[in-house]
Amino acid sequence: MERRAIFGNRVLPYALVAPQLVITVLFFFWPAFQAVHQSVLLEDPFGLSSRFVWFENFEAVLGDEFYLNSLGVTALFSLSVAALSLGIALLLAVQANNVIRGSHTYRTLLIWPYAVAPAVAGVLWLFMFHPSIGLLGQGLRALGVDWNYLLDGPQALLLVILASAWKQISYNFIFFLAGLQSIPKSLIEAAAIDGASPRHRFWTVVFPLLSPTAFFLLVVNIVYAFFDTFGVIHAVTGGGPGKATEILVYKVYYDGMIALDLGGSAAQSVILMAIVIGLTVVQFRYVEKKVHY
Amino acid sequence: MRMRTLTIFLTTTVLASVAAGSLGQAQTSKPAIELQWWHAMTGANGDRVNKIADGFNATQSDYKVVTSFKGSYTETLTATIAAFRSGNAPHIAQVFEVGTATMMGAKGAIKPVYQLMADAGEPFDSKAYLPAITGYYSTADGKMLSMPFNSSTSVMYYNKDAFKKAGLDPDKPPKTWPEFFDAAKKIRAANAAPCGFTVGWMSWTQIEQFSAWHNVAIGTKSNGLGGADTELKFNGPLQIKHLQALIDAQKDRVFEYGGRERQPEGKFPNGECAMIQTSSGFLGEAIANSKFAFGVTMLPYYPDAAGAPQNSIIGGASLWVMGGKKPEEYKGVAKFFSYLSRTDVQVDTHTVTGYLPITVAAYKATKDSGFYEKNPGRETPILELQNKAPTENSMGLRFGNMVQLRDVFAEEIENALAGKQSAKEALDKAVTRGNAILRQFQKSSS
């Protein structure tokens with residue numbers, strides 16, 4: 001006999017999911033709809049006059065050389081952040097998993113940075129690497145490195161990548177560690193008895209078993225790099241110098257809130273929405289096929 | 001159980017209504033009308049804002065000005081616009097001078113000050129205010145649209161100790177740009193400071209102020225004061241020559257770029273850069289944090305430029321009255337503006353903050369009190385503003401989307417300083433991109 005919880009009441013299940021639905025509609029669908037609506041309007045900042053302009057805003061955005069520049073910056077930035085934070089987190093998790101004495105201390109310390117808000121993380125790195133007030137920034141200059149991320153685009157990009165990746169390592173670390181601990185010891189021991197070297201064991205046994213975690217983290221990290229890193233960029237470089245660190249989400253904010261071009265900003269966020277949906281679909285379709293659950 | 005809940009419910013309701021009733025009775029006199037004032041001032045300047053509001057609230061009991069800090073200038077403007085769109089705009093919003101064109105373009109969203117004062121029957125004479133300031137905030141025919149609040153201009157600060165160390169006379173600061181670069185080079189040669197000079201608010205001081213000070217145009221139509229169909233033209237030979245000089249001066253840290261807006265200001269009080277050109281509003285901070293003697297003097301000029309030095313232009317912010325409020329609330333705002341313009345209030349604010357007095361009477365009163373003799377350098381901004389009768393190149397400027405324009409200028413200058421393009425390319429690109437933004441502004445506001 002099957003044992004299942006059966007709700008006799010037809011309304012109850014809907015009532016139970018209603019709060020979540022309300023939140024989703026109110027905070028996700030409604031703003032998304034607003035963005036789509038705004039993206040086909042030409043409006044002054046105060047909303048005193050508003051004109052329907054079809055896809056003019058999209059044309060303007062896609063014809064803007066700085067938008068294309070921002071796409072490139074975003075691609076480089078997101079890939080670097082995801083690769084760095086995933087790579088380092090995996091390395092740390094494997095090491096922390098091997099440690100026996102004091103493992104709790106290590107783990108706690110490694111998890112800490114996750115509690116730091118992106119903007120605060122940005123300011124921390126700014127204080128370390130600012131060319132005139134930062135300790136490490138001054139140190140670099142004393143060593144003869146021409147360190148001035150206020151003027152040097154690649155340096156600025158490197159700094160925000162490091163700060164963003166650092167912030168995300170803890171999150172990835174927790175998941176990798178949990179993933180590693182759920183791998184049965186017997187499998188690894190069996191491989192060891194068969195004569196597989198530690199490196200071989202890792203790549204043929206551990207890593208494939210870790211792949212669902214790694215895949216989940218890949219999706220989360222790409223989304224993180226696209227959106228949540230706004231705070232870091234805002235605090236450290238403000239998109240500059242030139243437009244060296246202006247990622248898409250920062251451009252959306254800048255064009256909408258600072259430049260007060262609401263239509264253009266909305267068009268960009270619609271495009272951004274499409275990009276992230278597209279990326280997630282691709283990840284689920286193609287990358288997931290390589291994942292063993 | 002049910003019964004008990006009901007009893008508790010009833011008791012609380014009754015108690016609450018009794019309490020409300022007695023409260024209502026206690027306040028038989030008319031409650032003060034609240035007037036919201038959103039501002040962007042921090043530190044000592046923020047305290048000043050609260051002091052002015054408290055001072056006004058103490059003089060009468062019909063109105064109560066309530067201040068709220070809304071972040072940076074840009075954030076305050078954005079917050080005001082968002083609040084207007086949702087119908088919760090404050091009565092008074094402090095908007096920086098580069099937001100002026102945006103506010104002026106929003107005809108239905110604001111209440112012009114001249115009209116506000118006339119409607120409220122409040123005595124008001126726009127001639128009582130310093131013309132160098134009001135020109136910025138008035139229509140072409142002289143009608144004042146917003147109330148000047150904190151006005152500043154750009155001046156030069158120099159480290160007297162570093163001057164001495166480099167063998168320069170601390171009482172004779174450089175007057176011209178060639179002398180200025182020379183002094184900076186000497187400071188570096190003697191290693192009297194790690195950096196010769198830096199500049200705050202790069203596009204404001206090195207393009208806008210620089211052009212006005214040398215009587216060359218930033219844009220057509222009197223720098224946009226004459227209409228929204230203005231075009232930028234600050235890519236002239238003098239501006240190119242100057243940017244090139246800045247690029248060249250980066251060698252050996254004679255000049256060092258320190259970031260946008262006020263970011264570079266930290267490099268002066270800590271002794272890193274021996275000279276800085278930035279806002280006169282920086283004075284309070286320079287006094288508080290510098291451990292050396294410093295002087296304040298006028299901006300340098302190129303002696304071969306005809307008519308230089310001309311006069312400098314203002315920065316800072318003004319108070320805009322938002323539209324759609326009740327007449328009695330406007331009356332309160334008008335009374336508050338009269339209080340704000342009182343000579344004693346202005347003298348107090350001017351001497352404490354380093355911002356300019358906004359009325360002619362307040363300037364005279366400060367001068368007569370001997371304040372400027374005791375505090376040399378405090379009069380420098382006013383002398384700069386009034387150096388010569390303003391021309392169409394130095395009356396001020398008004399460009400739509402100015403916040404964005406400034407960032408465009410900064411981006412192109414940054415790329416030139418980083419060696420990615422020449423001074424001419426940078427300014428040509430800044431002008432072309434800037435004009436596209438101006439046309440966009442014209443399109444969306446018409």
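The values are calculated or read from the model by the stated rules, or taken from the named source; none is laboratory data. The structure presented is a predicted model; accordingly, all values stated were derived computationally and were not measured. Cβ placement follows ideal geometry from the backbone for every residue including glycine, while neighbour counts extend to all protein chains displayed. The accessibility values were calculated without ligands, DNA or RNA, using every heavy atom of the protein model including side chains. Shrake-Rupley method; radii C 1.70, N 1.55, O 1.52, S 1.80 Å.
List of remarks:
- Measuring with a 1.4 angstrom probe and ignoring ligands and nucleic acids, A:ILE169 comes out at about 20 Å² accessible.
- Residue mean of other protein chain beta carbons inside 10 Å, A:254-260: 6
- For region A:65-125: rounded, prolate or oblate by the Cα gyration tensor [a/c cutoff 1.5]: oblate
- For region B:400-418, residues shielded by at least 40 square angstrom of accessible area compared with the chain on its own, probe 1.4 Å: B:GLN404, B:GLU411, B:GLU414
- The packing ranking of peptides A:102-113, B:414-425, highest mean first, is B:414-425, A:102-113, where packing means the average number of other beta carbon atoms within 10 angstrom of each residue.
- The value given for chain B is a Kirkwood hydrodynamic radius of 23.6 Å, derived from the mean inverse Cα-Cα separation.
- Considering region B:130-233 at the alpha-carbon level, its Rg and Dmax are found to be 18.4, 54 Å.
- Per residue, the accessible area of the protein assembly as shown comes to 47 Å² when a 1.4 Å probe rolls over the protein heavy atoms.
- With all protein chains in place and a 1.4 Å probe, the accessible surface of the protein assembly as shown carries 63 percent carbon and sulfur.
- Chain pair B, A: total accessible area buried, heavy atoms, 1.4 Å probe, Å²: 2600 Å²
- Whether region A:170-270 is rounded, prolate or oblate, judged on the alpha carbon gyration tensor where a/c under 1.5 counts as rounded: prolate
- Share of Cα-Cα pairs in the protein assembly as shown lying beyond 40 Å, as whole percent: 45 percent
- 3J(HN,Hα) along region B:315-324: x, x, 9, 10, 9, 9, 9, 7, x, x Hz, from the Karplus curve 6.51 cos²θ - 1.76 cosθ + 1.60 with θ = phi - 60°, whole Hz, x for Gly and Pro.
- Ignoring lysines fewer than eight residues from B:LYS331 along the same chain, the ones with Cα atoms less than 22 angstrom from its Cα are B:LYS30, B:LYS51, B:LYS64, B:LYS107, B:LYS111, B:LYS127, B:LYS143.
- Charging the Cβ of each Asp and Glu at -1 and of each Lys and Arg at +1, and nothing else, the dipole of region B:124-200 about its Cα centre rounds to 300 debye.
- When B:LYS443, B:LYS175 are compared by accessible area of protein heavy atoms, the largest-first order is B:LYS175, B:LYS443, using a 1.4 Å probe.
- Annotation for region A:1-72: chymotrypsin sites (Phe, Trp or Tyr not before Pro) lying in DSSP loop with at most 15 further Cβ atoms inside 10 Å of their Cβ are A:PHE7, A:TRP54, A:PHE55.
- Computed magnitude of the charge dipole of chain A (debye, nearest 20; Cβ of K, R +1, Cβ of D, E -1): 1380 debye
- Under a model in which nothing but the beta-carbon of Lys, Arg (+1) and Asp, Glu (-1) is charged, the protein assembly as shown shows a dipole of about 1640 debye around its Cα centre.
- Accessible-area ranking of B:PHE234, A:PHE127, largest first, probe 1.4 Å: A:PHE127, B:PHE234
- Charge-dipole axis of region B:255-359 as Lys and Arg at +1 and Asp and Glu at -1 on Cβ define it, positive-most pick from B:ALA274, B:MET298, B:SER312: B:SER312
- Percent antiparallel among DSSP beta bridges (both partners in the protein assembly as shown, rounded to 5): 65 percent
- Shape category assigned to region B:45-158 from the gyration tensor of Cα positions, a/c cut at 1.5: rounded
- Considering only B:PRO90, B:VAL113, B:PRO170, and ranking their Cα positions along the charge dipole of region B:77-205 that arises from unit charges at the beta-carbon of Lys, Arg, Asp and Glu, the one farthest toward the positive end is B:PRO170.
- Report summary: the helix-based calculation at 222 nm, which adds -39500 (n - 2.57) for every DSSP H run with n ≥ 4 and divides by the residues of the protein assembly as shown, gives -16000 deg cm²/dmol.
- In this structure B:SER86 has an accessible area near 80 Å², from a 1.4 Å probe over the protein heavy atoms.
- Net charge of neighbours whose Cβ lies under 13 Å from the Cβ of A:LEU180, counting Lys and Arg as +1 and Asp and Glu as -1: +3
- Cross-link pairs beyond the 18 Å C-alpha cut-off, checked among A:LYS243/B:LYS420; B:LYS185/B:LYS251; B:LYS291/B:LYS374; B:LYS221/B:LYS429; A:LYS251/B:LYS420: B:LYS291/B:LYS374; B:LYS221/B:LYS429; A:LYS251/B:LYS420
- Measure of compaction for chain A (Cα Rg per 2.2 N^0.38 Å): 1.23
- At the residue level, B:LYS367 shows approximately 90 square angstrom of accessible surface with a 1.4 angstrom probe and all protein chains present.
- Local net charge near A:ALA191, Cβ-Cβ under 14 Å (Lys/Arg +1, Asp/Glu -1): +1
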